[in-house]
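Okay, so here's the structure we're looking at.
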Amino acid sequence: MSYQDHISQITGLIQSQGGTWDGISAESVARMRLQNRFQSGLDIARYTAAIMRKDMAAYDADPAQYTQSLGCWHGFIGQQKMISIKKHFQSTDRRYLYLSGWMVAALRSDFGPLPDQSMHEKTSVPALIEELYTFLRQADARELGLMFRDLDKARETGNEVEAQRLLHAIDNYETHVVPIIADIDAGFGNAEATYLLAKKMIEAGACALQIENQVSDEKQCGHQDGKVTVPHEDFLAKVRACRYAFLELGVEDGIIVTRTDSLGAGLTKQIAVSKEPGDIGDLYNSFLDCEEIDPATARNGDVILNRDGKLLRPKRLPSNLFEFRKGTGEDRCVLDCITSLQNGADLLWIETEKPHIEQIAGMVDRIREVIPNAKLVYNNSPSFNWTLNFRQQVFDAWTAEGKDVSAYDRTKLMSVDYDGTALADEADEKIRTFQKDAAARAGIFHHLITLPTYHTAALSTDNLAKEYFGDAGMLGYVKGVQRKEIREGIACVKHQNMSGSDIGDDHKEYFAGEAALKAGGIHNTMNQFAA
């Protein structure tokens, strides 16, 4: 419904009440409705799932149409990202948010900072999804509220052209509400636990769930050692649990992102069940590091496999975990991805140890031999030293091409001494185009940075503390923060407005008319930022 349609419909409703609702303004109700477009998290999940499906189809047609997101650990952070995106690019098209389990563990747990091992409260994940969408919806209410005020001014001054422009803008308003890809870790328990948590996350608004193939109670960060994977059937049960949750709640377009940690995971906790040679359990077990044994030498408690008539004993560690053969990580990743896509997954996530397009593309090429439209979500992780990795890649490429690299020491390429050199400049250009190049070559539909604001918060706080507590004193804040906010048009320089004060004033006027006691009067210091 358009703005005027809402007003007309509400006017009729008020008039039907025999005068008892005459104190209600139809236009004020219309404004409140538009400022609260989404009535529930499920409304949001259905709306954003449709966006992702549309974007996935657009990427299939043209890999230049890849999508991006940044990780969030607080609703305000997500809100400010989307406000900045609308400010700089005038649209949120193909730009999402990512909810990182790492940041929930490190920043949102009642236990305090925790490593990324699924030890945090799993209820904190849907709580953060709900919080993110609360702040995004408030960003809508704030921006629309400013437009309504401008509309009133245009009417008061008789500027009909401006009033019509604003009515058109209101009817074609683009919401800050965008898809969130939400990290459900390894499911926080068995398949039933995964299903129950998935429902809570979807009800909070998540349209895309990312789940990984590690053992839930042995879960590690994807960029640390000690990762333990589960047999495919165990993992696929959790994938199906997520799909059942989407379907039960009527989010039929819900997205499941299956992550494989097999590239860096050399361990398994279980021997897979195999019913016949060549089935998925047999393939999983075929990667185990085994030794042939004489039955007479079998020890009590041994696990014995029969392969091609030979009795094999998988190597078992004191931790009771089994090892995979060295060098099988890529083969296991490819198998993981194919089986996931064949069993309900929509997108893949391959956790790598470095950002290297050809490494990713080599696996994607093999996956696409079986499933041609396979697409990835890729973690542009702060765990990678991007500067060092890409300088090394350029160094190695130059060496292979026979170029003179005698001016460079490969072991010291991170040094500031190399800044501004031809090698460093070429490496920076490859970093700049990494996402575009990887989308075209390696099937990456969605690029994200998991923990960007963890690092930006630390960096900006360090800069402020150094100046404010040093010789600069208050100038450290004014010059380093507030003056930049004003001159760069950062919305939250008017922090009272950002927190909802003006929305509250509007409501007071709706409710009490001329008797409203409003905060935004002449003595409000936020007026100092009007210019």
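Here are the numbers for the structure shown:
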{"item": "Residue identified as in a loop (DSSP other than H, G, I, E, B) and either surrounded by 22 or more Cβ atoms within 10 Å (Cβ to Cβ) or not assigned by TED's automatic domain parsing to the domain that holds residue 53 (or both) among 259, 299", "result": "299"}
{"item": "Residue in the stretch 103-115 that is at pLDDT 95 or above, farther than 15 Å from residue 181 by Cβ and under 16 Å from the mean Cα position of the chain (by Cα) present", "result": "no"}
{"item": "Every pair of residues 6+ apart whose Cβ atoms lie under 7 Å, when the first sits in the stretch 32-43 and is under 18 Å from residue 246 (Cα atoms) while the second is crowded, with 16+ Cβ neighbours inside 10 Å", "result": "41/130; 41/133; 41/203; 41/204; 41/205; 42/203; 42/249; 42/251"}
{"item": "Pair list, Cβ < 6 Å and 6+ apart or interchain, from the stretch 509-531 residues that are surrounded by 12 or more Cβ atoms within 10 Å (Cβ to Cβ) to residues that are among the β-branched types (Val, Ile, Thr)", "result": "529/493"}
{"item": "Residue in the stretch 508-530 that is part of a helix (DSSP H, G or I) and touching a Phe, Trp or Tyr at 6+ places or on another chain (Cβ under 8 Å) present", "result": "no"}
{"item": "Evaluation of residue 341 against (1) outside the structural domain of residue 232 (by TED's automatic domain parsing); (2) surrounded by fewer than 21 Cβ atoms within 10 Å (Cβ to Cβ) (one fails), failing number", "result": "(1)"}
{"item": "Subset of the stretch 83-110 [buried (at least 18 other Cβ atoms within 10 Å of the Cβ) and hydrophobic (A, V, I, L, M, F, W, C)]", "result": "83, 85, 97, 99, 102, 103, 104, 105, 106, 107"}
{"item": "Condition check for residue 171: at pLDDT below 95 and surrounded by fewer than 16 Cβ atoms within 10 Å (Cβ to Cβ)", "result": "no"}
{"item": "Within the stretch 1-25, tally of residues that are in a loop (DSSP other than H, G, I, E, B) and of a type in the set (Ser, Thr, Tyr)", "result": "4"}
{"item": "Leading residue by the ranking (surrounded by the fewest Cβ atoms within 10 Å (Cβ to Cβ)) among those in the stretch 454-492 that are of a type in the set (Phe, Trp, Tyr) and part of a helix (DSSP H, G or I)", "result": "477"}
{"item": "Subset of the stretch 376-388 that is modelled with pLDDT of 95 or more and surrounded by 19 or more Cβ atoms within 10 Å (Cβ to Cβ) - its residue that is nearest to residue 423 (Cα to Cα)", "result": "380"}
{"item": "Subset of the stretch 323-332 [within 13 Å of residue 284 (Cβ to Cβ) and either surrounded by 23 or more Cβ atoms within 10 Å (Cβ to Cβ) or touching a residue at least 40 places away in the same chain (Cβ under 8 Å) (or both)]", "result": "324, 328, 331, 332"}
{"item": "Qualifying positions in the stretch 365-375 - buried (at least 21 other Cβ atoms within 10 Å of the Cβ) and in a helix (DSSP H, G or I)", "result": "367"}
{"item": "Which numbered condition residue 420 misses (of (1) in a helix (DSSP H, G or I); (2) surrounded by fewer than 14 Cβ atoms within 10 Å (Cβ to Cβ))", "result": "(1)"}
{"item": "Given (1) closer than 20 Å to residue 171 by Cβ; (2) of a type in the set (S, T, N, Q); (3) in contact with a Gly (Cβ under 9 Å, 6 or more places away or on another chain), number of the condition residue 2 does not satisfy", "result": "(3)"}
{"item": "Of residues in the stretch 26-67 being of a type in the set (Lys, Arg) and assigned to a helix (DSSP H, G or I), the one surrounded by the most Cβ atoms within 10 Å (Cβ to Cβ)", "result": "31"}
{"item": "One residue from 77, 85 being over 24 Å from residue 434 (Cα atoms) and of a type in the set (A, V, I, L, M)", "result": "77"}
{"item": "Failed criterion for residue 18 (all others in (1) touching a strand residue (DSSP E or B) at 6+ places or on another chain (Cβ under 7 Å); (2) at positive phi; (3) not basic (Lys, Arg) hold)", "result": "(1)"}
{"item": "Which listed residue is over 18 Å from the mean Cα position of the chain (by Cα) and among the β-branched types (Val, Ile, Thr), from 360, 350", "result": "360"}
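One line per residue, one yes/no per condition, for (1) in contact with a helix residue (DSSP H, G or I) (Cβ under 8 Å, 6 or more places away or on another chain); (2) over 21 Å from residue 341 (Cβ atoms); (3) aliphatic (A, V, I, L, M); (4) not in a helix (DSSP H, G or I):
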position: 176; (1), (2), (3), (4): yes, yes, no, yes
position: 186; (1), (2), (3), (4): yes, no, yes, yes
position: 206; (1), (2), (3), (4): yes, no, yes, yes
position: 242; (1), (2), (3), (4): yes, no, no, no
position: 247; (1), (2), (3), (4): no, no, yes, no
position: 263; (1), (2), (3), (4): yes, no, yes, yes
position: 271; (1), (2), (3), (4): yes, yes, yes, yes
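The values are calculated or read from the model by the stated rules, or taken from the named source; none is laboratory data. Predicted model, so just to flag it, every value in this text is computed and none were measured. As a convention, Cβ positions derive from the backbone with ideal geometry for all residues, glycine included, and neighbour counts pool all protein chains shown.
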